[in-house]
Structure formats: C-alpha cells, structure tokens
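Comments concern the structure below.
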Amino acid sequence: IARLLEQNYKGGIEIIVVLYANTDNTLDLLKKLEYDYRNIRHTTVPGSAHFIDLRKLAITIGIKSVRTEWFALLDPQFIPSSTDWLTSLSCHIREGFDLIIGYENFATEDNTGTTLRYTIHQNFLNLKRKHIPALGNFSNFIVRKNALDLNALYDVRSLQFTLGSISN
C-alpha cells in the first residue's frame, strides 16, 4: 500500500482493500491507514457468504466500491515497479479503449523474455477474441468501470473490451 501511496500520479488515487478470509491484524492496520490517509478505505466480504468463490466475491465487491471511471485490480502481493507505474499506464487512456495492458518484463537466463512476452500477449488477445477465459496476474492493467457488466462479470462472453496495448 505504501508504494501505491508514493505514485507520481496527477489524478486522484483511491485505494480500496477488500478483506476476506482475514485472520491477521490487517483490519487494524487498515483502520490506522484510513485515519492517516483519506484516499484509503476498506470493505469486507460478508461472513455469511456461502457457496461462492470468496475471491470472486471480493473482486466484485471491490469493483462496485470504485468511485472513479478507471481502476486497476491488484493482487495483495503486487508491488509497483516504480513511482511512475500508474502514470505510465494511465497516459495511454484514449476514447474508445476500455482496457490498457501494461508492459511485462519477463527476464530469462536464455534471453527468451521478449519472445515469451510477445507470445503471452498474443495468446491473451486470441483467447479474448474467441471469448475464452484468459489467465492474468491482475497486476498490470487498468480498466474502464462502465465497460464491465457486473451481473455477468465471470461469464467471459460479457467481456467486450476494446483493447489498447502499450508497446515498448
């Protein structure tokens, strides 16, 4: 969270943390951070949630809590690569794009990282065009909130993004 707060981003940053299956002192830490920073807030997955994937429910609750037009969905282990991470993604926002996919550096010992990066990107695009779910790390993209149909979020046929990609 500290690395997100350090971003050199001119727009407003809102950090929403969704707690589920929490057994440590995360809630206490979040309450302290919310007191110190107005742009951090949290919500929780109801304890009464049964017969549903709690991670999917947490993602849905988090997205519904977003107050901005664009958002990034991040795994708890995500650490931005630099203080300009969000700026480097958001500067590519254009009318007509709903999803901006950032650069991924796959460093490999045999220097096949560029080929691997290209292959993963092409596979993602091909799967999306065929309406087949694509595995992602939820760490290096931003999406326009109104592009999602939250009632059908986990039905891949509902994902009708207009893709904008960044090439370096």
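The values are calculated or read from the model by the stated rules, or taken from the named source; none is laboratory data. This is a predicted model, so every value here is computed, not measured. Note: ideal-geometry Cβ built from the backbone for every residue, glycine included; neighbour counts use all protein chains shown. Surface accessibility is based on the protein's heavy atoms, side chains included, excluding ligands, DNA and RNA. Shrake-Rupley method; radii C 1.70, N 1.55, O 1.52, S 1.80 Å.
Among the residues of the range 1-31, those identified as basic (Lys, Arg) and either in a loop (DSSP other than H, G, I, E, B) or under 26 Å from Ser82 (Cβ atoms) (or both) are Arg3, Lys10.
Only one of the numbered conditions (1) in a helix (DSSP H, G or I); (2) surrounded by fewer than 16 Cβ atoms within 10 Å (Cβ to Cβ); (3) at pLDDT below 90 is not met by Ile63, and that is (2).
Filtering the range 14-25 to residues that are open to solvent by 40 Å² or more (accessible area, probe 1.4 Å) and touching a strand residue (DSSP E or B) at 6+ places or on another chain (Cβ under 9 Å) leaves Glu14, Ile16, Tyr20, Asn22.
From Ile79, Ile93, which residue is part of a loop (DSSP other than H, G, I, E, B), open to solvent by 50 Å² or more (accessible area, probe 1.4 Å) and touching a strand residue (DSSP E or B) at 6+ places or on another chain (Cβ under 9 Å)?
On the way: Ile79 fails: touching a strand residue (DSSP E or B) at 6+ places or on another chain (Cβ under 9 Å).
Exactly one residue qualifies, and that residue is Ile93.
Number of residues in the range 1-13 that are of a type in the set (D, E, K, R) and loosely packed, with under 11 Cβ neighbours inside 10 Å: the value is 1. Summed over the range 31-42, the residues that are under 19 Å from the mean Cα position of the chain (by Cα) and surrounded by 15 or more Cβ atoms within 10 Å (Cβ to Cβ) give a count of 3.
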